[in-house]
Every structure is written in C-alpha cells, then in structure tokens.
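Novice: One structure, as structure tokens, below. Some questions next.
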Amino acid sequence: MNKFVLHTGIAAPLDRANVDTDMIIPKQFLKSIKRSGFGKNLFDELRYLDEGQPDQSCEGRPLNPEFVLNQPRYQGASILLARENFGCGSSREHAPWALDDYGFRCVIAPSFAEIFYNNCFKNGLLPIVLHDEKVDQLFKESAATDGYQLSIDLERQLVITPSGEEMAFSIDGFRKHCLLNGLDDIGLTLQHSDDIRAYEEKRRQQAPWLFDAIK
Amino acid sequence: MAGKTLYDKLFDSHLVRTNDDGSSLIYIDRQVLHEVTSPQAFEGLRLAGRKPWRIDANIATPDHNVPTTERSGGVDLIVDPVSRIQVKTLDANCDEFGILEFKMNDHRQGIVHVMAPEQGAILPGSTAVCGDSHTATLGALGALAHGIGTSEVEHVLATQCLITKKMQNMLVRVDGELGVGVTPKDVVLHVIGVIGTAGGTGYAIEFGGDVFRNMSMEGRMTVCNMAIEAGARVGLVAIDQTTIDYFDGRPFAPKGEQWEAAVSQWRDLVSDADAEFDAVVEIHAADIEPQVTWGTSPEMVVGVSGQVPNPDNEKDPVKVDGINRALKYMGLQADQKITDIKLDRVFIGSCTNSRIEDLRDAAKVVKGRKVADNIMQALVVPGSGLVKAQAEAEGLDKIFMEAGLEWREPGCSMCLAMNPDKLGNGEHCASTSNRNFEGRQGFGGRTHLVSPAMAAAAAVTGHFIDVRELI
Ligand code: SF4
C-alpha cells in the first residue's frame, strides 16, 4: 500500500450528497476479476452520456461536459471534495479501488458511510471529515480559483488551503500509523515476519510432514 | 485446569502471536484456491509487489464455473465469458506463481472440498483455508479449516497467516445407532433443524458420540460441510483409526518413518476427557429419520413422514412471517404432506454429497428402476475426476444412465448454478447440495435438500418418498 504523509494536489468539488457506491462504480463493472483498471469507469453514469459496458474502451465515449471531472481545470485532480454521507451503499471494495485507480489520494466530506470509510484505509486512500462549514468554504474557494490546490499534512492532521489557512481533522491513531507507514493488514502482519519464521522453524521440528511441498 | 478441546489444541498449536488488539495470528498450513475468489487476491499481490510466502502450501483447481457436459475442447469453449475468464485467470495465476493446479481436464480436478482431502493435501492436525465457506468440510479430517474472504486469501498468500479471533467450543453429540436408510446428510440436516441456522454462530462445533465414531470419513465430511449452515465456520470430528486409515497411501500424506511419527501425533487429536465445552447439544440417533427441507433455509427441515408446517401453529411473529414467505416462494401449502411434493428435477452432487459412497447409495436405489415421467432432468455430478473414474470402474455410471439419469463431468454444477446447470423458475428440485436459499439453483428455483438415497428415490417416483420403502 502507498504511504500517505504529505500530499498536495488539485481539489475537485463533487457537489452532491449521498453519493453511493453504485454511483462511484456502477454494478456492471463489478464482474471483473481485477481490482485495478476501475478508474476509467469511476462515476461512469455521471461522467459519460452513454451507458458504459464492461470491457468497452472509454476512448471516444461521449463525455458529459457538465460533470466536474470532465472540466479542463480539474484534470489531474487527486483530492475529491464531497458532500455528506459519501460512499453509502454496498460493502464492496470496488469503490475505493476505482477512486484510487483514477488517481485520488484523499476524499474530504462532512461525513462518510462507515464501511466505505473503513475500506478507504485498507487501500491507502485518506477520507477526511471536516465540519460542514469548512467543506462549504473549500467548495466555494475551489470554484472561484482555477488550479485550486490543497495540501494534506497527515502527520499534523491538517488540511492547508492556498492562503495558508489550516483546518484540523481527527483520525484514529492506529489508522494514521498505518497510512503514514504504508501498512495494510498484510503489511502489519509482515512486520511480524520474524515471529512467523520462528514459528515455522519450531513447527518444522515437530511436524516436518506439514512442510513437505505440494507439487 | 480443564483439559483442551480438539479445537483448542489445533488453535494453540498454530498460534504465531497475539496482536495488541486481542486478535491472533495463526499459521496456515494449506490454502486451497478456486477461480471465483482468488483473482483479486493475486492481483492485489502483484499491485503491492508482493510474493507468496510459501508457494508449496497452495493447491488449486477450477470448480464453480466449469461445464459438466463433455469438455474435451478445453477452457476456450466455456460459453459464458465471465466463467471462461475466471477459469483462465486461475490457470494463468497458478502458472505465473508456480502453484500446483489440477486444471479443468486433469483427471484429479474436482470440487475443492472433494479434491483436497482425496489427495491427502489437508492433513490431521493442520490448518487449512479456502475462499469458500464450505471449507468447514475439512474439519472432518481433524484439521482446523476456515472459509475466508478474498482479502484474506491475499493475506494468507502473502503471509501464510490469518488474523482471527478464537471461537467458543460447542459439542454436538449424537448417540445411539442410526436406522436403516438414515445417512450422514439426514443427521446434519436434523442437527441444523434442532439448533437453527444461527445456533452455531461464534462456535467451532465438534461432532461427537457413537454416530460419528461409527461414520465413514466421507460421511463425516458431509456433516462438517454443513456446519456453516448451522452458523459455525468450523466443524470438527476427532481423529480415530478411521481417520488414520483414510490417509494411508494418499498422494500427499506422509510416508515411511514420517508416517509413523505423524500417526503417533495424530492420535492425540481428540478433546481431552475433562475438556469443557461452552455449549453442548445432545441428540438421539433413534429420533432421526430421512430429512427433507421444505423452505428456503436449511433449518426449515422435517422428517419425510412429516408435513409442511402451518404458520397458525407458530406464536413467534418473526417465525410466522418466515414460514409464510417460504411457503409462498416454494409454492407449498401449510400441512401438505412431504411425500405429496412433486418434483421437476433431481441433482445429485456438490461438495456435500458427491463422493463415491454417495453415488453408491444413490445407485443402489435407482438400480433396475426408471426416472419418473414428470422429472425432466436428473443429474449425477461426481465431485472429482477420481470419484468419476471409481464410479465408472464399479459400473455406477451405467446404472444411472440405464435408469435415465445424466452422468456428468465433475464440478459444482447445479449447487449454485454458475455454470449452465440451472433450475427454471418455479421448478422443484430434490438436491443433495447444502443451500436452499431463494434463487440459489437458478432464478425462482425451489430447492429441497435431501440425502443422495432420498434424491434417487425421488427421481424414480417423481415425488418425495421414504427411501426405506425402496430398499
Ligand atoms: S459444490 Fe456448491 S457449496 Fe460446494 S464449493 Fe461448489 S458451489 Fe460451493
């Protein structure tokens, strides 16, 4: 998993409440056997004017010019500004996979659906909860300024605006530790590699047949 | 201090460490992989630049999506594109990482939970996982076996460990002797009827008592397979001579001196006499008759001499509602006799009941009889290529085909209808599988769970009948 320490990037405002996981990545794309490549179908129904099909190339599909991510000024955005209850719906991890694959590293909203919020951390994506008014202010500023960028300082738990204003956010200490160090569950377990090897060594003495190769 | 249960012993001998948050890291000796739940795990590894911790701890085979009709044309001829891609992806991942896989047309291919024990790949005293809830089957071997999700499949591939919490211990004792025509499937359906589909939640269930001691390994697998249908992720049977004999000579079982050493350790894989269980359920074997599920949950089960329940006799409003909904979906009347339920299809197969003893049981009943006119299809799907070969060597395939049943290639087939074997809307099926959920065997399909002998009896009579009348 990617580390998240300090990040600066363009912020794109998605002005809509209750964006559900089906809106983030519509269900026809979930049959894939992959966890990458969902970025091109992120927000598919909002982003394109036609109906997207799995395995279809998105080159040449008619874009919805109204949709925020299609506007030239938000190209390359890596921070998503969202409204309340972002990520509601199913528990599938495809939603954070799609956001991550598109290039987002962080979503800022007044509230998130719980499972989605948890799934973000498993995938190196930082969900930040800010007060309604702060989110509103960011929406206004980003609309007013071309190329509006935010900086996220995870160590200090701050969102920093171009004018230098610092907005504090809170985050669970354990999750912060994992993100700062790029640790997912697997990464955490691998920190105990020595224990695992020691166990294998001991067990191999006791029951060598369990270590006979399957081949 | 109280002694240890079998589950305690298996858990403790695999504990790598206890994490700060109270969860445990346990070592996994074997992982079994199939095509549905592994692709994103492999891709996760690749994306993170990780390697499997121990390649030689894994064994794979495709089962859910494979066609059960003639398939010498290979994977390219699988009609459904999603099925084809899943099978091909498993092949490609196993080739890339060097994992042993029995591919679709290998004679050892089969349903994961049939293939792995048959190969001796899951040994007593080991831990095993698979991205599939019926991994509980393997507990019959005296192994601690968990079903896991895709992100855990990736975790086990990368670390050879699973993060887990210790479960509680439940003992289900069935003492006495089973009547003629009463099989392991009837025992486990009856148990689920008694404790309910959530009765085992949070527990590892150990099946003990005379009935399991006298049961074959295949029967024990049938029982443990459905522990999950009682809510328990783990089902176990203690080791005895039957277990040891089962492993003798299997391809991946220890040999020579190692065999002697292993057997002497395995003999300790029983719950201590003074072990304490958190819950104990006692059942008398004599109370169990051949079972049939009438509803849409495995706990909606009665003996074949019984009738469909009447919601008027039930007080709990939640249950009344459940009965009414199930009656409607199943197209049945309250108080209807089980033997009056007419059937459209019969499915003999799945990881619950597709082993050689199951096929023998079914063949014995259909021998010299014909499939009833109202049955439009009766499928027999062996659990693995080796089961199929054994059955053919015994001439069971001929018995089935002469009676008008179809003899197929191994796979999951109509158990969950991911391949073309499906029920039509509204059709009733006597099925030896393990789940009778709405739509499980096809949209609108109506599943009745039964033993292989009962399914065979239904095939030749066209409705449910007490198999004891035919044997
Ligand atoms: S036979 Fe059915 S229950 Fe068993 S693994 Fe296949 S689909 Fe799952």
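The values are calculated or read from the model by the stated rules, or taken from the named source; none is laboratory data. A quick note: this is a predicted structure, and the numbers were derived from the prediction, not measured. Note that each Cβ is placed from the backbone with ideal geometry, even for glycine, and that neighbours are counted across all protein chains shown.
Novice: Would it be correct to say that B:Ala417 is away from the ligand (no atom under 16 Å from the Cβ) and either at pLDDT 95 or above or closer than 27 Å to B:Asp132 by Cβ (or both)?
Specialist: In short, no.
Novice: Look at B:Ala389 and say whether it is among the hydrophobic types (A, V, I, L, M, F, W, C) and closer than 19 Å to B:His463 by Cβ.
Specialist: no
Novice: If the requirement is being closer than 27 Å to B:Thr243 by Cβ, within 16 Å of the ligand (Cβ to nearest atom) and assigned to a loop (DSSP other than H, G, I, E, B), which of these qualifies: B:Ala121, B:Ala128?
Specialist: Of B:Ala121, B:Ala128, the one residue that is closer than 27 Å to B:Thr243 by Cβ, within 16 Å of the ligand (Cβ to nearest atom) and assigned to a loop (DSSP other than H, G, I, E, B) is B:Ala121.
Novice: Can I ask one more? Among the residues of the stretch B:156-170, is there at least one that is charged (D, E, K, R), more than 10 Å from chain A (Cβ to nearest Cβ) and more than 15 Å from the ligand (Cβ to nearest atom)?
Specialist: yes
Novice: Which one of B:Gly200, B:Gly295 is in contact with a helix residue (DSSP H, G or I) (Cβ under 7 Å, 6 or more places away or on another chain), in a loop (DSSP other than H, G, I, E, B) and modelled with pLDDT under 95?
Specialist: B:Gly200
Novice: Something else now. So, of the residues in the stretch B:387-411 that are in contact with a helix residue (DSSP H, G or I) (Cβ under 9 Å, 6 or more places away or on another chain) and either within 16 Å of the ligand (Cβ to nearest atom) or outside the structural domain of B:Ile348 (by TED's automatic domain parsing) (or both), which turns out to be farthest from B:Thr68 (Cα to Cα)?
Specialist: The residue in question is B:Val387.
Novice: Another one. May I ask you to verify whether B:Arg369 is within 16 Å of the ligand (Cβ to nearest atom), modelled with pLDDT of 95 or more and among the basic types (Lys, Arg)?
Specialist: So B:Arg369 fails the test.
Novice: So, in the stretch B:78-88, how many residues would count as being in a loop (DSSP other than H, G, I, E, B) and either buried (at least 20 other Cβ atoms within 10 Å of the Cβ) or among the polar types (S, T, N, Q) (or both)?
Specialist: 1
Novice: Hey, among the residues in the stretch B:339-361 that are assigned to a helix (DSSP H, G or I) and β-branched (Val, Ile, Thr), which one's farthest from the ligand (Cβ to nearest atom)?
Specialist: The residue in question is B:Thr339.
Novice: Regarding A:Arg73, is this residue crowded, with 17+ Cβ neighbours inside 10 Å and among the charged types (D, E, K, R)?
Specialist: So A:Arg73 fails the test.
Novice: Follow-up. Condition first: surrounded by 17 or more Cβ atoms within 10 Å (Cβ to Cβ) and either among the acidic types (Asp, Glu) or more than 14 Å from chain B (Cβ to nearest Cβ) (or both). Now tell me which residues in the stretch A:163-199 satisfy that.
Specialist: A:Met167, A:Phe169, A:Lys176, A:Leu179, A:Asp184, A:Asp185
Novice: If you go through the stretch B:31-47, how many residues are touching a residue at least 12 places away in the same chain (Cβ under 8 Å) and away from the ligand (no atom under 16 Å from the Cβ)?
Specialist: 6
Novice: Please determine, by comparing only the residues of the stretch B:210-220 that are touching a residue at least 40 places away in the same chain (Cβ under 8 Å) and not acidic (Asp, Glu), which one is surrounded by the fewest Cβ atoms within 10 Å (Cβ to Cβ).
Specialist: Across the stretch B:210-220, the extreme among qualifying residues is B:Ser216.
Novice: Provide a single number: the residues in the stretch B:449-469 that are away from the ligand (no atom under 16 Å from the Cβ), under 23 Å from B:Thr222 (Cα atoms) and not small (Gly, Ala, Ser).
Specialist: Residues that pass the stated criteria total 6.
Novice: Does B:Gln336 meet the test of being more than 14 Å from chain A (Cβ to nearest Cβ), free of Cβ contacts under 8 Å to residues at least 60 places away in the same chain, more than 15 Å from the ligand (Cβ to nearest atom) and out of contact with any Asp or Glu (no Cβ under 9 Å at 6 or more places or on another chain)?
Specialist: Judged against the criteria, B:Gln336 is a match.
Residues checked against (1) within 30 Å of B:Gly125 (Cβ to Cβ); (2) over 24 Å from the mean Cα position of the chain (by Cα):
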site: B:Gly3; (1), (2): yes, yes
site: B:Leu10; (1), (2): yes, no
site: B:Arg46; (1), (2): no, yes
site: B:Gly49; (1), (2): no, yes
site: B:Pro52; (1), (2): yes, yes
site: B:Arg71; (1), (2): no, yes
site: B:Gln86; (1), (2): no, no
site: B:Thr89; (1), (2): no, yes
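Novice: Another question, then. Can you find a residue in the stretch B:259-276 that is free of Cβ contacts under 8 Å to residues at least 24 places away in the same chain and either away from chain A (no Cβ under 14 Å) or among the aliphatic types (A, V, I, L, M) (or both)?
Specialist: Yes, the stretch B:259-276 has at least one match.
Novice: When residues of the stretch B:247-262 are filtered for being assigned to a helix (DSSP H, G or I) and in contact with an Asp or Glu (Cβ under 9 Å, 6 or more places away or on another chain), how many remain?
Specialist: 2
Novice: Considering only residues that are crowded, with 21+ Cβ neighbours inside 10 Å and part of a loop (DSSP other than H, G, I, E, B), look in the stretch A:15-31 and name the one that is farthest from the other protein chains (Cβ to nearest Cβ).
Specialist: Ranking the qualifying residues of the stretch A:15-31, first place goes to A:Val19.
Novice: Any idea which of B:Lys166, B:Lys185 is touching a helix residue (DSSP H, G or I) at 6+ places or on another chain (Cβ under 9 Å) and surrounded by 22 or more Cβ atoms within 10 Å (Cβ to Cβ)?
Specialist: B:Lys185
Novice: Suppose we keep only residues that are more than 9 Å from every other protein chain (Cβ to nearest Cβ) and more than 10 Å from B:Thr61 (Cβ to Cβ) within the stretch B:89-103. Which one would you say is surrounded by the most Cβ atoms within 10 Å (Cβ to Cβ)?
Specialist: B:Asn93
Novice: Follow-up. How about the stretch B:143-155: which of its residues are away from the ligand (no atom under 14 Å from the Cβ) and away from chain A (no Cβ under 13 Å)?
Specialist: B:His146
Novice: Just checking: which of the helices (runs of 4 or more DSSP H) contained wholly in the stretch B:362-471 hold 2 or more residues that are free of Cβ contacts under 8 Å to residues at least 24 places away in the same chain?
Specialist: In the stretch B:362-471, B:385-393, B:396-403 are the helices (runs of 4 or more DSSP H) which contain 2 or more residues that are free of Cβ contacts under 8 Å to residues at least 24 places away in the same chain.
Novice: Quick one: A:Val5 ticks every box in (1) closer than 26 Å to B:His155 by Cα; (2) within 14 Å of another protein chain (Cβ to nearest Cβ); (3) not hydroxyl-bearing (Ser, Thr, Tyr) bar one, so which box is it?
Specialist: (2)
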